[in-house]
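What follows is one structure encoded as structure tokens, with my remarks underneath.
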Amino acid sequence: MNILLTSLQVPGAASGVRVHYERLAALLRAQDHQVTVVTQDSLRPWVRRSIGVVRRGLGLLPGRLGARVGIELGNVAEIFCAIDRSQPYDVVNAQDVSSGWAARLALGNRVPVVVTGHYNDHPGEEVVKQLSLSPTSWAARFEVSWYNFLLRRTKFFLGISEYALRLTLPFLPAGARTAVAHNGVDMAAFAPAPRSTQSTTPDLRAMFPGRPIILNIGQLEPRKNQRYLVAVAAELRHLYPGCVTVLVGKGEDEALLRSLITEQDLGNDVVLLGYQTQVAALLHSADVYVHTAARENCPYAVIEAMAAGCPTVALAAGGSPELLAATPEASVPQSTAPATLAAQLATLLGDPAALLGLQERQYAYARSRFDVAAMVRNTLAFYREAAGLAPLSPPQPQSVAAHA
């Protein structure tokens, strides 16, 4: 197939979306498909500057509405102008609804556009939360209405979790075709291997000899909720002395987390390891992986932990519970007090047989469902359906009322 991937996340962006489409493109090319990736970086500089002038002009309007309108329309215009309309694409896979709409405008109805939903909330409401907009402001109302407009024009939707599909169904047009292709990782690449003496990844066992290790990987930000894990660590030091919690990542919450660690005298119990590109070795060294995100779609980190054979516990947010469906006891309600989760972790750490059983069930469940081969197979099947190369599956029922 001749496939066009579009995204607002440019190469090099610190984003799971960028990781997803780059990995997908490489896997599709390995199967002899022709893949073109278009982002805002694909745009000719003078065109991008021209669009930027209009965007900045709208930003001069009073309040935040003009700026938001300029940004959203500018995003669509940039992808629209970057697409080569002369190419005989079979299908477009947009990694966000904005670039999907841009592709529809650029290519018309001659090429089907599949939109993949990577967002953790309704995409307009997600913008409102990220920017701390007042829900009643004109800017917030515009964002929600804008994304409702885009979703109502989405004919093919591919969720990366059942959660994303349930979230999106009410906003899609009648008759829209949908499917789910969960995120996937290379299970073989995450299998334990002898540690290289050349490795630049920190050796957690050497850093914390004889100590149980709890690991968390992700952007240090409010949504990832590492401050909750710091509170859990404060309780855990009394229940399971010697345990160390390692946070891997960087982000806006780093200063806050350091302050919390200092205030609660947790310098020996919680360690910020910074951003790491190779996480498999870290997961092999950890006793438990704990995922604390409060809003989540289909977290790569949870799948990577299971693939690496690291027992995993996660707050029951978004699509995380479906990843841990084989071990429902590992999905922790978001209302759980830090002391309660600390007690659960202490019990697990003190029972090697229970920890091993958790790991074995999670790995067996993940192996057939969340490997990259399954992700590519399911994605290609939906491409073929959208392109009319395979029988249509029954449309999903839409029973939940849409937002205004």
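Throughout, read-outs are computed from the coordinates displayed, never taken from laboratory work. Every value quoted in this text rests on a predicted model; they were computed, and no experiment measured them. Here the Cβ is made from the backbone with ideal geometry for all residues, glycine too, and neighbour counts use every protein chain on show.
One table, with the values for the structure above:
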item	result
Along each principal axis, Cα extent of region 15-127, largest first, Å	51, 33, 25
For region 120-160, the fraction of alpha-carbon pairs in successive 5 Å shells from zero, as %	6, 24, 29, 21, 11, 8, 2
Label-point separation, Ala206 to Thr136 (7 Å along Cα→Cβ), nm	5.9
Choice from Ala314, Ala14, Ala326 with maximal GNM fluctuation in the chain (Cα, 10 Å cutoff)	Ala14
Relative contact order for the chain, counting Cα pairs under 8 Å that sit 6 or more residues apart, in percent	15
Chain lengthening between Leu355 and Ser15 when straightened (0.36 nm per residue, less Cα-Cα)	119.3 nm
Part-to-part distance (alpha-carbon centres) for region 14-43 and region 293-335, which is given in Å	26
Label-point separation in nm, Ala373 to Gln34, each point 7 Å along Cα→Cβ	2.9
Value at 222 nm in deg cm²/dmol, rounded to 500, when DSSP H runs of n ≥ 4 in the chain each add -39,500 (n - 2.57)	-13500 deg cm²/dmol
Packing-based ranking, highest mean first, of 240-253, 37-50, 215-228 given that Cβ atoms within 10 Å are counted	215-228, 240-253, 37-50
Neighbourhood charge, 13 Å Cβ-Cβ cut-off, centred on Gly218 and excluding it, Lys, Arg +1 and Asp, Glu -1	-1
Amide H contacts of Leu5 (H built 1.01 Å from N, under 5 Å, at least 5 apart or other chain)	Thr36, Val37, Val38, Asn93
Dipole in debye (nearest 20) - region 188-369, about Cα centre, beta carbon charges: Lys, Arg +1; Asp, Glu -1	320
Cα pair distances in region 188-369, grouped into 10 Å bins until the bin that holds the longest one, percent each	10, 40, 40, 10, 0
Computed FRET value (nearest 0.05) for Gln334 with Arg49, which takes r as the C-beta separation and R₀ as 45 Å	0.50
